[in-house]
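Heads up: the structure comes next, in structure tokens.
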Amino acid sequence: MEKIMEYLQLSDEVVDDGEAPRVEEFLGEGKSFYENFSLRGIRVNRVEPGFISCSFKVPLRLTDRDKNLANGAIANLVDEVGGALVHGEGLPMSVSVDMSIAFLSKAKLGEELEITSRLLGERGGYKGTIVVVRNKMTGEIIAEGRHSMFGRQASKL
């Protein structure tokens, strides 16, 4: 749980819109251009064992020609938020084994999204999550993804 909080560090900085703090750690030293480009603006609302809730306003940089959130951007959100949920303290990030995403609706430029990830189960180093992306205002589900990962287990010594 502590590693999740570290990975998705809540910033004390108040953003210009006065809402929840931004996830500034994604933009820190050692992070790739890809992480900066795709995850900038995501906010952590709640972290509990086996659960993460984030919010994200659809930015222009992640939209397609119709100004809808691109399917690749949705897949990235499923991958990153699901991966953050199962990250073990002191261990490298888990490797994605399988990801299945149902794209159910569209999210337009500027819409506020709620992204939740729940742990479905684990066996050894294999863990499964479900990530739901929904329109925060209407509650409409935009996408639902199942994400399974494999990683090293923490030592019992």
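The values are calculated or read from the model by the stated rules, or taken from the named source; none is laboratory data. The structure displayed is predicted, hence computed values, not measured ones. FYI the Cβ positions are ideal-geometry reconstructions off the backbone, even for glycines, and counts take in every protein chain you see. Protein only, heavy atoms only, side chains kept; ligands, DNA and RNA dropped before computing areas. Shrake-Rupley method; radii C 1.70, N 1.55, O 1.52, S 1.80 Å.
The set of residues from segment 67-88 being modelled with pLDDT of 90 or more and in a helix (DSSP H, G or I) comprises ASN71, GLY72, ALA73, ILE74, ALA75, ASN76, LEU77, VAL78. The residues of segment 134-153 that are not in a strand (DSSP E or B) and not β-branched (Val, Ile, Thr), listed by number, are LYS136, MET137, GLY139, GLU140, GLY151, ARG152, GLN153. Exactly one residue among LEU27, LEU10, LEU62 is of a type outside the set (Gly, Ala, Ser), at pLDDT 70 or above and at negative phi, and that residue is LEU62. Could you please let me know if GLY139 is in contact (Cβ under 8 Å) with a residue 60 or more places away in the chain and either surrounded by fewer than 15 Cβ atoms within 10 Å (Cβ to Cβ) or within 16 Å of GLY72 (Cβ to Cβ) (or both)? Spelling it out, it is not the case that GLY139 is in contact (Cβ under 8 Å) with a residue 60 or more places away in the chain and either surrounded by fewer than 15 Cβ atoms within 10 Å (Cβ to Cβ) or within 16 Å of GLY72 (Cβ to Cβ) (or both).
Taken together, VAL131, VAL97 contain a single residue that is at pLDDT 85 or above, out of contact with any Asp or Glu (no Cβ under 6 Å at 6 or more places or on another chain) and outside any loop (DSSP other than H, G, I, E, B), which is VAL131. Quick check: is even one residue across segment 104-114 at pLDDT below 85 and open to solvent by 30 Å² or more (accessible area, probe 1.4 Å)? No, segment 104-114 has no match at all.
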